[in-house]
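Novice: Below: one structure in structure tokens.
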Amino acid sequence: MKANPFIPAGTVAEMITVLGRWTLGAVFIYTGWHKALAPVDFLKLLRGYDLPPVPWVLNSIAGVLPWFEMLCGLLLLSGVAVRGTALILELLLVSFTWLVLRRAWVLSSALNLPFCAVKFDCGCGTGAVWVCRKLVENILLMLLAGGLLTGRGRRFCLRFGLVSAKD
């Protein structure tokens, strides 16, 4: 495994990236676990997003997504396929953030509330949240995932990539 020329091994920046990887992994394990414990409640929350009302699609999302999130979190914690996992989580976070933003906008208009005064259970596994806080949290998580896409955070990894190609 070739060291990143921009970050010498053992630097503070490398350790911050490792902590970011662990944080992102822990967040997805935590939120996935809460959704997996109550799949029916998660399914009810999914219906509030005006997704296509195809029962098997929503049931599949409610049944599979929590376990997939926990798997991604475990991969990040253990340091397996970090860049691929970070890319998947980045795409998930972008879509989650778009859905939360869209739903909050609809609720804000329907209830005649200021945008940041909207509070609802977004289905993230953390209960009811203020929309502006949730959007900031998601943006921070996207930044963490984006940082992992750069190839940093290799310390304490079981296998950073799946292919043993030279970097």
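Every read-out reported here was derived from the displayed coordinates using simple, explicitly stated rules and does not represent laboratory data. These figures come from a predicted structure and were not determined experimentally. Glycine also receives a Cβ, built like all others from the backbone with ideal geometry; neighbour counts cover every protein chain displayed.
Novice: Distance from the Cα centre of region 38-112 to that of region 113-151, in angstrom?
Specialist: 12 Å
Novice: Through the Karplus equation 6.51 cos²θ - 1.76 cosθ + 1.60, θ set to phi - 60°, convert the phi angles of region 147-152 into ³J(HN,Hα) values in whole Hz; use x for Gly and Pro.
Specialist: x, 6, 5, 6, x, 7
Novice: Calculate, in nm to one decimal, what ALA26 and LEU71 gain on full extension: separation in residues at 0.36 nm each, minus their alpha carbon distance.
Specialist: Details: separation 45, 0.36 × 45 = 16.20 nm, distance 1.08 nm.
Taking 0.36 nm per residue and subtracting the Cα distance, the gain is 15.1 nm.
Novice: Taking only C-alpha pairs under 8 Å that are 6+ residues apart, what is the relative contact order of region 12-147 in percent? Present the calculation step by step, with values, prior to reporting the outcome.
Specialist: Numbers: 145 pairs, mean separation 40.9, N = 136.
Once divided by the residue count of region 12-147, the mean separation gives 30 percent.
Novice: Mind putting a number on the dipole of region 12-147 about its Cα centre? Charges go on the C-beta only, +1 for Lys and Arg and -1 for Asp and Glu, and I need it in Debye to the nearest 20.
Specialist: Numbers: 10 positive and 7 negative charges, 44 e Å.
About 200 debye.
Novice: Here's another thing I want to ask about it. Along the charge dipole of the chain, pointing to its positive end and built from +1/-1 on Cβ of Lys, Arg, Asp and Glu, which listed residue (PHE115, VAL80, ALA145) has its Cα farthest out?
Specialist: VAL80
Novice: Once both labels are modelled 7 Å past Cα along the beta-carbon direction, what's the ARG155-LEU140 spacing in nm?
Specialist: Here the modelled spin labels are 2.2 nm apart.
Novice: Gain in length, MET15 to VAL80, computed as 0.36 nm per residue apart minus the alpha-carbon separation, to one decimal in nm? All intermediate terms of the calculation are to be shown ahead of the outcome.
Specialist: Details: separation 65, 0.36 × 65 = 23.40 nm, distance 1.69 nm.
Taking 0.36 nm per residue and subtracting the Cα distance, the gain is 21.7 nm.
Novice: Please name whichever of LEU158, LEU46, TRP130 sits farthest to the positive end of the charge dipole of the chain, dipole taken about the Cα centre and charges placed at Cβ: Lys and Arg +1, Asp and Glu -1.
Specialist: Final value for the positive-end residue is LEU158.
Novice: So what's the back-of-envelope 222 nm ellipticity for the chain, counting only DSSP H runs of four-plus at -39500 (n - 2.57) apiece and dividing by all residues, rounded to 500?
Specialist: Numbers: 5 runs with 108 residues, N = 167.
Helix-only estimate at 222 nm: -22500 deg cm²/dmol.
Novice: Please list, in order, the residues from region 125-154 whose amide nitrogen is less than 19 Å from a point placed 7 Å along the Cα→Cβ vector of LEU101.
Specialist: Inside the label zone: 129-147.
Novice: Give me the log10 of I(q) over I(0) for region 46-104 at q = 0.16, 0.23, 0.26 Å⁻¹, as the Debye formula computes it from C-alpha points; what are the numbers?
Specialist: Here the Debye-derived log intensity ratios amount to -0.60, -0.99, -1.08.
Novice: Angle, helix 55-78 long axis vs. longest principal axis of the chain, Cα atoms, 0 to 90°, nearest 10?
Specialist: 30 degrees
Novice: Connecting C-alpha atoms closer than 10 Å in a GNM of the chain, tell me which of TRP33, TRP67, TRP56 has the biggest fluctuation.
Specialist: Top of the fluctuation ranking is TRP56.
Novice: In terms of Cα to Cα distance under 14 Å, which aspartates and glutamates are near enough to LYS35, apart from those fewer than 8 places away along the same chain?
Specialist: Correct list for LYS35: GLU69, ASP121.
Novice: Please work out how much length the chain gains when fully extended from VAL57 to CYS132, using 0.36 nm per residue of separation minus the C-alpha to C-alpha distance, in nm with one decimal.
Specialist: Between VAL57 and CYS132, full extension yields 24.1 nm more.
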